[in-house]
1. Scan the range 122-129 and tell me whether some residue there is among the acidic types (Asp, Glu), touching a strand residue (DSSP E or B) at 6+ places or on another chain (Cβ under 6 Å) and either surrounded by fewer than 19 Cβ atoms within 10 Å (Cβ to Cβ) or on the phi > 0 side of the Ramachandran plot (or both).
2. How many of the residues making up the range 144-174 are aromatic (Phe, Trp, Tyr) and either free of Cβ contacts under 8 Å to residues at least 24 places away in the same chain or within 13 Å of the ligand (Cβ to nearest atom) (or both)?
3. Go through the range 47-83 residue by residue and tally those that are closer than 22 Å to Lys173 by Cα and either surrounded by 15 or more Cβ atoms within 10 Å (Cβ to Cβ) or touching a residue at least 40 places away in the same chain (Cβ under 8 Å) (or both).
4. Considering only the range 29-143, give the strands (runs of 3 or more DSSP E) lying wholly within it that have at least 1 residues that are of a type in the set (Gly, Ala, Ser) and within 16 Å of the ligand (Cβ to nearest atom).
5. Please tell me if Met229 is modelled with pLDDT of 95 or more, more than 16 Å from the chain's Cα centre (by Cα) and within 15 Å of Val89 (Cα to Cα).
6. Among the residues of the range 6-28, write down those that are at pLDDT below 80 and either β-branched (Val, Ile, Thr) or within 16 Å of the ligand (Cβ to nearest atom) (or both).
7. Taking the criterion of being modelled with pLDDT of 90 or more, under 17 Å from Leu102 (Cβ atoms), surrounded by 22 or more Cβ atoms within 10 Å (Cβ to Cβ) and aromatic (Phe, Trp, Tyr), would at least one residue in the range 135-154 satisfy it?
8. What number of residues within the range 117-137 satisfy the criterion of being touching a Leu at 6+ places or on another chain (Cβ under 8 Å) and of a type outside the set (Lys, Arg)?
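The values are calculated or read from the model by the stated rules, or taken from the named source; none is laboratory data. Values in this document were obtained by computation on a predicted structure and should not be read as measured data. Here the Cβ positions follow ideal geometry from the backbone for every residue, glycine too, while neighbour counts run over all protein chains shown.
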Amino acid sequence: MPLLRKTLAVTGWTSLGAALAFTISTRKSTIHPVPETDYLLSTTLFARYNPNPNPSMRDICLRRVPLDRIKPELLAQEGRLVEAFCGAVWSGWAFEVQRRYLARKYRGPETEGQLWDVRDLERSAYAVGTKITDHFEVLSKNDSSIILRCGDSPRVNAYRESDGLFELTADVKKEEGVVEFGMKSVFYNSVAQPDAQSKPLQEPVGPYMQWAHQKYTKLLMEDAARKCMQ
Ligand SMILES: *[C@@H]1O[C@H](CO)[C@@H](O)[C@H](O)[C@H]1NC(C)=O
């Protein structure tokens, strides 16, 4: 009994500490709803990958950082910051557990052309077609935005029950003296549901999953934003 009580006490304090550390370290990121009118939902990408269209779970995590705290070399060239931010997300400690898990399960001869290692993830320019840990694929890229498909292996070209778009943005707002980093998630089931009229459409993600997803997004954001700071 004492052992059990002690174990409980220790885990209790540890989770409280972890929760507190989490709250403090991610307090500068905010999660916002993504309205139906968001530009991502009117892109040809969204029409192509969710043609039915099925309902989506959506949110955006934003984090502002003063310009003078950003590593100067990331601002020297237009478009460099969003690449570095993207690289920071996939090479950071917040993604580490998932990266290792995916590597153990899916790294092999068929996926060797994808990005798996921290160094490669840090250095990639994330050109269209780049595949990451057999779970993400770059669909579109410009100087401030990288849009990835997520939810399943890039080797699965067909529509998927677990599908989605994930957009990483880095907006340099000179007048305000800040950089605003964004992570926008739009998750859905892209498989056709022909009897949708007679049945309510299946929700893509339950409330607990959405909650957990938002916590995870905040961690990825904090980690990546810090890697872009000096
Ligand atoms: C980059 O692409 C995004 C998403 O399509 C768009 O909203 C944005 O205006 C583009 N930015 C530039 C600098 O072209």
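1. In the first step, residues of the range 122-129 are kept if they are among the acidic types (Asp, Glu); the result is 122.
Still in the running and touching a strand residue (DSSP E or B) at 6+ places or on another chain (Cβ under 6 Å): none.
Looking through the range 122-129, none of the residues is among the acidic types (Asp, Glu), touching a strand residue (DSSP E or B) at 6+ places or on another chain (Cβ under 6 Å) and either surrounded by fewer than 19 Cβ atoms within 10 Å (Cβ to Cβ) or on the phi > 0 side of the Ramachandran plot (or both).
2. So the first thing to find is which residues in the range 144-174 are aromatic (Phe, Trp, Tyr), and the list is 159, 166.
Next, from what is left, pick out any that are either free of Cβ contacts under 8 Å to residues at least 24 places away in the same chain or within 13 Å of the ligand (Cβ to nearest atom) (or both): 166.
Of the residues in the range 144-174, 1 are aromatic (Phe, Trp, Tyr) and either free of Cβ contacts under 8 Å to residues at least 24 places away in the same chain or within 13 Å of the ligand (Cβ to nearest atom) (or both).
3. Total meeting the criteria: 22.
4. Details: elements: 29-32, 56-66, 136-141.
Filter on the range 29-143 gives 136-141.
5. Taking the combined requirement at face value, the residue satisfies it.
6. Answer for the range 6-28, where residues must be at pLDDT below 80 and either β-branched (Val, Ile, Thr) or within 16 Å of the ligand (Cβ to nearest atom) (or both): Thr7, Val10, Thr11, Thr14, Thr23, Ile24.
7. For the range 135-154, residues modelled with pLDDT of 90 or more, under 17 Å from Leu102 (Cβ atoms), surrounded by 22 or more Cβ atoms within 10 Å (Cβ to Cβ) and aromatic (Phe, Trp, Tyr): present.
8. Taking the range 117-137 first, the residues touching a Leu at 6+ places or on another chain (Cβ under 8 Å) are 121, 124, 128, 130-137.
From what is left, the residues that are of a type outside the set (Lys, Arg) are 121, 124, 128, 130, 132-137.
Of the residues in that region, 10 qualify.
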